[in-house]
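Read-outs: derived from the displayed coordinates by stated rules, not from any lab. The shown structure was predicted, so the numbers you read here are calculated from the model rather than taken from an experiment. All Cβ positions, even for glycine, are placed from backbone atoms using ideal geometry, and neighbour counts span all protein chains on display.
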């Protein structure tokens, strides 16, 4: 079993519903969803090219997936998340936009957000004590030889290369695309998501995602609202 600490809007947020439909799965309920009918893209095109992010659900990673360390149980992780969330305030994000990350697409803030970067770093550091060390097999799957020096140091200190100074918040929408697919997916994604990106988005919770077994889809276990303890609820 693995856990991840992410951000995702609430289950009934219009952006969550639109993204879940695009990805073909709702990470709150686990239910499959019919991809939207979009001119210029067939249902098979969408389903095939969203297979990778579909398994992880609509989310922005704060602490990447990890196994619990020996002697740590889920209840301890939950208790610590509730306490941590109560000590940190929500983060107001710059406007979101569809961005290209290499040969993939994602939603991301249109400019860097120092408060979000600080929150992500605090999450990684605080919950590192709950993380089991990476196994040799896990290290090999990450392919450390292709990493920069900074990424390699992060991998061995924090269990993942893209944290701390290498962190860039994003919410993945596609897997890797072929060169001929990139222009048409970019247009479709902008047309589909832009109406949902007009309002301000706040990182208002820490979302605990759970992978019950190796290769299983991640599901939202609970939401832990940032801010006052009095306002906290479990989703």
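Label-to-label distance for residue 132 and residue 200 is 4.2 nm, based on points extended 7 Å past Cα in the beta-carbon direction. Between the alpha-carbon centres of the range 11-25 and the range 47-83 there is a gap of 18 Å.
Extending 7 Å from the Cα toward the beta-carbon at both residue 92 and residue 190 defines two label points whose distance is 2.7 nm.
Could you give the C-alpha radius of gyration of the range 93-230 expressed as a fraction of 2.2 N^0.38 Å, taking N as the number of residues it contains? Before the final figure, lay out the partial values.
Values: Rg = 17.0 Å, N = 138, 2.2 N^0.38 = 14.3 Å.
With N residues counted in the range 93-230, Rg over 2.2 N^0.38 Å equals 1.19.
Relative to the dominant Cα principal axis of the chain, helix 114-126 is inclined by about 50°.
Build a GNM of the chain with springs between Cα atoms under 10 Å apart, and of 150, 180, 29 the one that fluctuates most is 180.
Using only alpha carbon positions, build the gyration tensor of the chain, then give the equivalent ellipsoid semi-axes as the square roots of 5 times its eigenvalues, largest first, whole angstrom. Each semi-axis is √(5λ); the values are 27, 21, 18 Å. Could you let me know the centre-to-centre spacing of the range 182-224 and the range 84-103, using Cα atoms, in angstrom? That distance is 11 Å.
On the beta carbon distance between residue 68 and residue 45, with R0 = 41 Å, the FRET formula returns roughly 0.60. Helix 14-23 and the long axis of the chain differ in direction by around 70°, with both axes built from C-alpha atoms. Peptides 102-108, 72-78 ordered by packing proxy, namely the average of other Cβ atoms within 10 Å per residue, highest first: 102-108, 72-78. With Cα atoms as the point set, the range 114-169 shows a radius of gyration and Dmax of 11.6, 35 Å.
Restricting to Cα pairs below 8 Å that are 6+ residues apart, what does the relative contact order work out to for the range 85-235? Please round to a whole percent. Before the final figure, lay out each step's value.
Details: 195 pairs, mean separation 53.0, N = 151.
Once normalised by length, the contact order is 35 percent.
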